[in-house]
Amino acid sequence: QIQQLYVLVATTNLDFEWRSGIRILYEATSCLDIDINKMFLRYRNLDNVVRSCHFYLTGAKRTNLVLVSSRNLSSKSAGKVSEPYVLTSRKNGVTTICMNRPKRLNAWTGGMMKSIFEEFEKAEKDEKTKAVILTGKGRYYCAGVDLGSTLKPMMPKKLHELIRTMNQHLFDSFINLDKPLIIAVNGNAVGASVTSATLAEAIVSVDDATFSTPFAALGVCPEGCSSVNFPKMMGETNANRMLGKEAWTPTAKEWAPLLGDMFQGLVASSTKTDENERIQENEENVQVLAQKVAEQWVSTNKGKRMDENTRAEMRNVNAKESEQLASCFLDYPFLEGQYNFAVQKNKKQVANLFWFLKTFRPVWSKLL
């Protein structure tokens, strides 16, 4: 029997590494003793990427894969100068790191996370920096990890290891930062940006910002040490409301009393009618409050909220959660959920990727 599979690859920008999609098929089929007869690669036009790619399943069936596209990559994004992922400034011994991808809701892509890690390291080594503020630009503080641009197709074992190490490194960077860290929430926060905030010394926020941790809805386990940190900070009931199926999304006003002295202040949301002016005022006001809290933190020699034993405990929790999370990301409930979400958002290239992964999971899961 012959099955014909057509995959439409939407080439909206050069950030999508379409070659990885071919590489995972090549590597996976090689491991399964499948011979690739014909493959043509062209770097400028996806129409020429694959004219014919024949896979022979040993003793089974023949499958043809054709990648189709009508868009040329040669001029897309040409001559564009991208804005830096983060903006930094220092005042009175306090370094502010501002996530600078407002149109992407400051989502944590690979580039964004790398930039934050680098700025953490610089602040750590800078003797003039006594405390650090992390904040965002735009209407969101951060929309969490951007899976579509962070995870690329590769061999299952490699992907599992990438997810594990990436997640562990992300939260270890917050745990290991020796300088006091203040989180200035200028707008809504989602997922990893919420859990990482609870690893800092203090949080200040616009009062109507929301905090969402929809892990159960996504089919994944808690991360960012939230499986331990959340119950410890706000009790089992409230932790389960946020991390479980209810996916409770409190506002800063609702969440602040539950976290006690972790929350060091709220800023009244701007009442300006112009959206851009409102966003800008929220950014400015929350940074002013964060600066004040940071300077007071330094002047009173408060140091780190977690002692070395607690930090070691959090690193162990993070390692276990990261291992579990990597397994969840490669399980069917998560893949199905991501596919449905991408379809709803009309993100064709992401939807195609997750459709392929969930459909052929019985085959590639044997390589885990």
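The values are calculated or read from the model by the stated rules, or taken from the named source; none is laboratory data. Just so it is clear, the structure is predicted and the values come from calculations on it, not from any experiment. All Cβ positions, glycine included, derive from the backbone under ideal geometry; neighbour counts span all protein chains shown. Surface accessibility is based on the protein's heavy atoms, side chains included, excluding ligands, DNA and RNA. Shrake-Rupley method; radii C 1.70, N 1.55, O 1.52, S 1.80 Å.
Numerical summary
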{"read-out": "Odd one out for residue 149, checked against (1) within 30 Å of residue 275 (Cβ to Cβ); (2) without any contact (Cβ under 8 Å) to a residue 12 or more places away in the chain; (3) not hydrophobic (A, V, I, L, M, F, W, C)", "value": "(2)"}
{"read-out": "Residue within region 310-331 that is among the basic types (Lys, Arg) and under 28 Å from residue 208 (Cβ atoms) present", "value": "no"}
{"read-out": "Any chance residue 320 is out of contact with any His (no Cβ under 6 Å at 6 or more places or on another chain), open to solvent by 50 Å² or more (accessible area, probe 1.4 Å) and free of Cβ contacts under 8 Å to residues at least 24 places away in the same chain", "value": "yes"}
{"read-out": "Residue in region 137-146 that is touching a residue at least 60 places away in the same chain (Cβ under 8 Å) and more than 19 Å from the chain's Cα centre (by Cα) present", "value": "no"}
{"read-out": "Residue match in region 318-332 (condition: assigned to a helix (DSSP H, G or I), at pLDDT 95 or above and in contact with a Phe, Trp or Tyr (Cβ under 7 Å, 6 or more places away or on another chain))", "value": "yes"}
{"read-out": "Members of region 151-172 that are open to solvent by 20 Å² or more (accessible area, probe 1.4 Å) and either among the polar types (S, T, N, Q) or closer than 22 Å to residue 205 by Cβ (or both)", "value": "165, 168"}
{"read-out": "Helices (runs of 4 or more DSSP H) within region 195-302 that include 3 or more residues open to solvent by less than 30 Å² (accessible area, probe 1.4 Å) and touching a Ser or Thr at 6+ places or on another chain (Cβ under 6 Å)", "value": "226-243"}
{"read-out": "Helices (runs of 4 or more DSSP H) within region 77-187 that include 2 or more residues modelled with pLDDT of 95 or more", "value": "110-125, 156-176"}
{"read-out": "Options 264, 349, 287: the member that is under 26 Å from residue 145 (Cα atoms), touching a residue at least 12 places away in the same chain (Cβ under 8 Å) and in contact with a Cys (Cβ under 9 Å, 6 or more places away or on another chain)", "value": "287"}
{"read-out": "Residue among 265, 219 that alone is modelled with pLDDT of 95 or more and small (Gly, Ala, Ser)", "value": "265"}
{"read-out": "Residue 209 being aliphatic (A, V, I, L, M) and closer than 17 Å to residue 289 by Cβ", "value": "yes"}
